[in-house]
1. If I ask for residues that are surrounded by fewer than 16 Cβ atoms within 10 Å (Cβ to Cβ), at pLDDT 95 or above and part of a helix (DSSP H, G or I), which ones from region 228-257 would you list?
2. Read through the list (1) under 19 Å from the mean Cα position of the chain (by Cα); (2) crowded, with 20+ Cβ neighbours inside 10 Å; (3) not charged (D, E, K, R), then give the number of the only condition that ALA95 fails.
3. Filter region 156-177 for residues that are under 30 Å from ASP240 (Cβ atoms) and of a type outside the set (Val, Ile, Thr); which is surrounded by the most Cβ atoms within 10 Å (Cβ to Cβ)?
4. Check ASP287, ASP295 and return the single one that is closer than 18 Å to PRO119 by Cα and surrounded by 14 or more Cβ atoms within 10 Å (Cβ to Cβ).
5. For region 294-327, which positions are modelled with pLDDT of 95 or more and among the aliphatic types (A, V, I, L, M)?
6. Among the residues of region 106-122, is there at least one that is over 30 Å from GLU258 (Cβ atoms), aliphatic (A, V, I, L, M) and surrounded by 20 or more Cβ atoms within 10 Å (Cβ to Cβ)?
7. For region 149-168, what are the residues that are in contact (Cβ under 8 Å) with a residue 12 or more places away in the chain and either acidic (Asp, Glu) or in a strand (DSSP E or B) (or both)?
8. Please note which helices (runs of 4 or more DSSP H) are completely contained in region 258-327 and include at least 3 residues that are of a type in the set (A, V, I, L, M) and in contact (Cβ under 8 Å) with a residue 24 or more places away in the chain.
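The values are calculated or read from the model by the stated rules, or taken from the named source; none is laboratory data. No experiment lies behind these values; they were computed from the predicted model shown. All Cβ positions, even for glycine, are placed from backbone atoms using ideal geometry, and neighbour counts span all protein chains on display.
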Amino acid sequence: MDKNARIYVAGHRGLVGSAIVRNLEAKGHTNIIKRTHAELDLTDGVATDKFFAEHKPDYVFLAAAKVGGIVANNTYPAEFIRDNLAIQNSVIHSAWKHGVRRLLFLGSSCIYPKLAPQPMQEQHLLTGPLEPTNRPYALAKIAGIEMCWSYNRQYDTQYLAAMPTNLYGPGDNYHPENSHVIPALLRKFHEAKRDKTSSVTVWGTGTPKREFLYSDDMADACVYLMNLSDEQYQALLGSDETKSGKFEPPLINVGVGEDVTIKELAELVKDIVGFDGDLVFDVTKPDGTPRKLMDVNRLSKAGWKAQTSLRDGLKQAYQDFLEFQAQ
């Protein structure tokens with residue numbers, strides 16, 4: 001990407017979008033296009049089309065989405081599928097209509113089957129039932145991958161779908177009910193320490209394993225992918241299955257390639273926050289998917305690897321939470 005290229009970061013206030021903006025600015029990009037939800041509702045196809053017609057971005061990072069943890073997914077399934085489908089439809093179609101060179105569509109590891117082989121490879125997409133607690137969100141993201149694939153096939157576009165593992169970092173959602181596991185644990189342990197509570201209760205058995213990627217690492221991977229040479233980038237766009245006979249979606253996993261149990265994670269957060277009470281697991285609550293480890297060989301072969309350790313990333317995330325609390 002040329003330093004003066006018009007780059008639209010959809011969802012620039014979110015966890016990933018804000019990290020992408022930081023990364024682009026640090027690399028000297030000067031023409032980053034940003035719009036808040038109040039300024040542009042991406043579920044509105046007409047408004048989105050008008051925006052693209054006016055600004056004609058060269059590159060698009062599609063990081064805008066409705067996201068949340070198990071509680072949010074269970075409580076608002078209709079919003080999760082409706083809003084995400086609408087955002088994708090608006091942005092991907094407008095990108096094609098107005099000549100965007102490359103688009104990176106961001107999804108989630110929950111696109112893979114609940115009991116997918118571990119580590120999960122890109123070809124495991126659509127090979128089994130999804131985890132029920134986040135199926136509406138997962139199906140929306142799968143539709144987004146298929147939309148990228150279909151537009152590439154029909155219109156010769158260059159749209160790539162990047163599926164990150166569980167993300168955390170600065171600007172995370174610390175809502176007491178609608179947050180993901182790391183911000184939820186940071187808040188729980190912080191409040192327990194502040195209130196001098198004797199114990200902290202964590203949902204489930206603590207045995208499921210999860211992989212966690214620091215948001216600034218995710219952003220670096222996204223910008224790295226967008227900057228690949230034409231030959232390298234096009235190699236990631238898969239193939240037209242009707243011609244090749246191969247299931248090769250334009251899909252790449254983004255992760256660290258290793259995971260920890262929820263119990264190990266909770267103990268690590270407890271240590272970083274400095275809570276000295278007990279850790280209790282509520283086994284009546286759902287565990288979710290038993291394991292979600294990404295196979296990151298495709299990304300490694302493309303030349304990128306995560307740099308932030310889980311402990312270092314959690315320390316930085318806790319500092320961000322403390323700043324959030326002080327606001």
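1. If the condition is that a residue be surrounded by fewer than 16 Cβ atoms within 10 Å (Cβ to Cβ), at pLDDT 95 or above and part of a helix (DSSP H, G or I), then ASP230, GLU231, GLN232, GLN234, ALA235 are the ones that fit.
2. Of everything listed in (1) under 19 Å from the mean Cα position of the chain (by Cα); (2) crowded, with 20+ Cβ neighbours inside 10 Å; (3) not charged (D, E, K, R), ALA95 misses just condition (1).
3. Looking at the filtered set, the residue picked out is ALA161.
4. Working: ASP287 fails: closer than 18 Å to PRO119 by Cα.
It is ASP295.
5. MET294, VAL296, LEU299, ALA302, ALA306, LEU310, LEU314, ALA317, LEU322
6. Looking through region 106-122, none of the residues is over 30 Å from GLU258 (Cβ atoms), aliphatic (A, V, I, L, M) and surrounded by 20 or more Cβ atoms within 10 Å (Cβ to Cβ).
7. Correct list: TYR159, LEU160, ALA161, ALA162, MET163, PRO164, ASN166, LEU167, TYR168.
8. Values: elements: 262-273, 297-301, 310-326.
Passing ranges, in order: 262-273, 310-326.
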